[in-house]
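Bear in mind these aren't lab numbers, they're just calculated from the coordinates by the rules spelled out. These numbers were taken from a predicted model, which means no experiment stands behind them. No Cβ is skipped: glycine too gets one built from the backbone with ideal geometry, and neighbour counts run over all protein chains shown.
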Amino acid sequence: MNSCLQCLNNVHSVMKYFRSNAHLHELNGSSPTAGKLACSVFGDLSQALWSGAEFSSTRPVELKRVVGKLASRFIGYDQHDAQEFLRFLLDGLHEDLNRILKKPAYYEIPDRPHAPERDLSDEYWQYYIQRNASALSEQFCGQLRSEVTCQTCSHRSICFDLPVPKKAKGGAIRFGAFKSTSSNEDTSMCTVHDCLRAYTEEEHMKDEDAFYCAKCKTHRSVVKSICLQRCPNVLVLHLKRFSYSTFSRDKVSTAVKFPTEGLEIKEFCSKDNICNYTLFECRNPENGNWYDFNDETVSALKKPNAASASAYILFYQRKGQSAK
């Protein structure tokens, strides 16, 4: 929990938003917590973390209590997956701060295989932002392009989504650009780009995973691929550090090499998008320095280790967006 809270509070736009109390003017009273998670819990915690008091620590007792009340799986002090907690927190804050008080009726966007992709992308994007508009979604949400090709008739089905179905190798995305990427299951070195390639590579689906083909009018074997259609301002990469089998849960100790500057992801984007990112995690947005947070102890760092077997969540800021 500490790792997620520290990283989130070092996102410049998030820190600036809560420190200025802008969130108090955008609380959504119809959210599951009636705005309490954003107002009197995370908002107060953010203010305390940036109060300027030296040699003091903050215990997020109220946040822990409210989160446990909203999601019983977080009650107590058992270990939980950091990605699961961060995903829950981002979703909760977004709902508390969603400016859309009355959402339009939901409808299914029809499959239009011959429509221009840009038009389809815009239609899906508008469908989302008509129902979701918050300071959190504006920073963390992106859009994925998913293409499914029938192996029998070559019919292509293209859609543009925010949540993405689970992939066997890569995990799943939630809240726009929250990626789970495999870090492989051996002890050799790999890179973030290797993980992203594993996540976005073509996936052959058949038998119980077969898709319904609108042209064949039956389930067929298909090839599925995804890429990033719209780049988020903040890209959060979750590296899978555990592998699961029927009876066991094993730690993945692969060292993953990641850049602290200039993460180029053109290879994984649609042709209309080119994105460069800078790692920030616990990099102070005001002085640009790196810090290591270990419970109540905070230490200055020259630079984070760019090849780590323990890194599991990476926060990247899109270049040119840090001041927003």
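General observations
- Where GluC sites (Glu not before Pro) in DSSP loops with at most 15 other Cβ within 10 Å are excluded, longest remaining stretch of the chain: 109-184
- Taking 161, 250, 122 and counting other C-beta atoms within 10 Å, the order from fewest to most: 250, 122, 161
- Gaussian network model of the chain, springs between alpha carbon atoms under 10 Å - residue of 253, 57, 299 with greatest fluctuation: 299
- When +1 charges are put on Lys and Arg Cβ atoms and -1 charges on Asp and Glu Cβ atoms, the dipole computed for the chain relative to its Cα centre reaches about 340 debye.
- Region 144-154 - phi-based ³J(HN,Hα) in whole Hz, Karplus 6.51/-1.76/1.60, Gly and Pro as x: 10, 9, 10, 10, 10, 10, 5, 7, 9, 10, 6
- Placing a pseudo-label 7 Å from each Cα along the Cα-to-Cβ vector at residue 56 and residue 78 gives an inter-label distance of 3.5 nm.
- Farthest towards the positive end of the charge dipole of the chain, among the residues 129, 48, 6, is the Cα of 129, using unit charges on the Cβ of Lys, Arg, Asp and Glu.
- Gain in span if fully extended, residue 20 to residue 34, counting 0.36 nm per residue against the direct Cα distance: 3.0 nm
- Max mean-square fluctuation residue, GNM over the chain, Cα-Cα springs under 10 Å, options 63, 37, 136: 63
- Taking 11 Å as the cut-off, the amide N atoms of region 2-40 that come nearer than this to a point 7 Å along the Cα-to-beta-carbon line of residue 291 belong to 6-7, 9-10.
- Relative to one another, the C-alpha centroids of region 283-303 and region 11-65 are positioned 20 Å apart.
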